[in-house]
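Structure first, commentary second.
The values are calculated or read from the model by the stated rules, or taken from the named source; none is laboratory data. The model shown is predicted, which means the values in this text are computed figures rather than measured ones.
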Amino acid sequence: MKVNLYDMFCTDTLRHRDTARKILEKVSNTPKTDPVVIDFGKIDFASQSFLHELMICLSGRKVVFQNQNEEVEKMVSIISKNAELDSDKRLGKRSLLVSVGLS
């Protein structure tokens, strides 16, 4: 399944955890084994809270991020590292990481 964030939210700025949860609602009927492509085309900014919640919501799925600008790509990298640390140190065996492929 492909999710075009700009088309879905009609904005170039993604800031809130609730916004990320709406993506889960959209993909919830697809099997967890099916890859989810998140298209960041035309998105200028995605907040740390949005990206962190997105990764939590899509935990256990193969996720591919496409068309992110340099700023979003850096934030994804930071959140991925922090999520890995969170899952290792505070959540025991529960993993917050999704399999993220950047293209």
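Tabulated data for the structure shown
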| item | result |
| --- | --- |
| Any hit, the stretch 87-103, residues being modelled with pLDDT of 95 or more and assigned to a loop (DSSP other than H, G, I, E, B) | no |
| Residue selected from the stretch 1-56 under the condition among the small types (Gly, Ala, Ser) and part of a helix (DSSP H, G or I), by the criterion modelled with the highest pLDDT | ALA20 |
